[in-house]
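Structure record follows, encoded as structure tokens.
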Amino acid sequence: MKKVLSALILTLLLSTCAFAAAPEKITVGVTPFPHKDIMLVVKDLLAKEGYELVIKEFTDYVTPNIALAEKSLDANFFQHVPYLENTCAEKGFDLVWVAKVHIEPLGFYSTKIKDCQELKEGDSIAIPNDGTNCARALRLLEANGIIKVKEGELVTAKDITENPKNLKFKELDAAQLPRTLEDVTAAVINTNFACEAGLIPSKDALVIEGGDSPYANVIAVRAESAETPAIKALVKASTSPEVKAFIEENLVPKGIVPAF
């Protein structure tokens, strides 16, 4: 009887120790490239600190913030600061960014022309349809002398003040833009979607944002959890020398640069 009791106590102790040693999970929503690639590096770093990083993929720019606000995610990593701020203002979400990780320069691509000077009267241009990236695309074209746009942050094609070649603008979902290249003269595409489509920003973009772009991609969390140990561990790993080295060695050639 004593042996049986001792065995039961030992089993309970071992079970308790195993339970206590189970790593805390951190669930992060990402878009595939380069966010997932970076988080895979972070996953290994967090494992050493006793955390299990669970990565959930999304293919759009809307759902990850909804999922974060509804607490099915602990953090997300897919967006830049102006997009996050605009979404919070529109939806009433209490989300904040806790770390800037990298910058994905927006580029202007075409399969029909090799230089912006080749644009002709009435050519069609596709741009992102979300507020911040739409404005960002128009500013890129303005900076390269293609159009002029009125002052303001969230400008759209309706705010173009000068359009010498009467270009036709189509505002489309950012993820769909690479597929439109056969149907339009050119398109302004986010780097992650350009790379997924096999484009090399540093080589294929007719024009591209400079490295001083304010649109750094960030890790976003609910404001209530920003100071928790798990989120602090996520921030530390995401802005570590290991992650910076990964970006510099693997992503810089594709036009993506570290923001820390």
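The values are calculated or read from the model by the stated rules, or taken from the named source; none is laboratory data. Fair warning: this is a prediction, and the values are worked out from it, not measured in the lab. Cβ placement follows ideal geometry from the backbone for every residue including glycine, while neighbour counts extend to all protein chains displayed.
For the reader, a short list of remarks on this structure follows.
- Among (1) assigned by TED's automatic domain parsing to the domain that holds Ala237; (2) in contact (Cβ under 8 Å) with a residue 12 or more places away in the chain; (3) small (Gly, Ala, Ser) - the single one Ala89 does not satisfy: (2)
- Residues being without any contact (Cβ under 8 Å) to a residue 24 or more places away in the chain and either touching a helix residue (DSSP H, G or I) at 6+ places or on another chain (Cβ under 8 Å) or hydrophobic (A, V, I, L, M, F, W, C) (or both) - total across segment 34-52: 1
- Count of segment 150-171 residues which are among the hydrophobic types (A, V, I, L, M, F, W, C), surrounded by 15 or more Cβ atoms within 10 Å (Cβ to Cβ) and more than 21 Å from Lys120 (Cβ to Cβ): 1
- Number of the condition not met by Asn166 [criteria: (1) without any contact (Cβ under 8 Å) to a residue 60 or more places away in the chain; (2) under 23 Å from Thr31 (Cβ atoms)]: (2)
- Residue within segment 107-127 that is within 15 Å of Tyr215 (Cβ to Cβ), buried (at least 20 other Cβ atoms within 10 Å of the Cβ) and hydroxyl-bearing (Ser, Thr, Tyr) present: no
- Some residue of segment 241-259 being touching a Phe, Trp or Tyr at 6+ places or on another chain (Cβ under 9 Å), of a type in the set (Gly, Ala, Ser) and surrounded by 14 or more Cβ atoms within 10 Å (Cβ to Cβ): no
- Of all residue pairs spaced 6 or more apart or on separate chains, none has beta-carbon atoms under 6 Å together with a first member in segment 226-242 that is outside the structural domain of Lys48 (by TED's automatic domain parsing) and a second member that is assigned to a loop (DSSP other than H, G, I, E, B) and among the β-branched types (Val, Ile, Thr).
- Taking residues in segment 142-157 that are within 19 Å of Leu206 (Cβ to Cβ), and partners anywhere that are of a type in the set (Ser, Thr, Tyr), the pairs with Cβ atoms closer than 7 Å and at least 6 places apart or on different chains are Lys148/Thr161; Val149/Thr161.
- The numbered conditions (1) within 18 Å of Pro64 (Cα to Cα); (2) buried (at least 16 other Cβ atoms within 10 Å of the Cβ); (3) not aromatic (Phe, Trp, Tyr) are all true for Ala237 except (1).
- Every residue from segment 226-249 that is part of a helix (DSSP H, G or I), of a type outside the set (A, V, I, L, M) and touching a strand residue (DSSP E or B) at 6+ places or on another chain (Cβ under 8 Å): Ser238, Lys244, Glu248
- Of all residues in segment 185-200, those being in contact (Cβ under 8 Å) with a residue 24 or more places away in the chain and either closer than 17 Å to Ile113 by Cβ or over 16 Å from the mean Cα position of the chain (by Cα) (or both) number 8.
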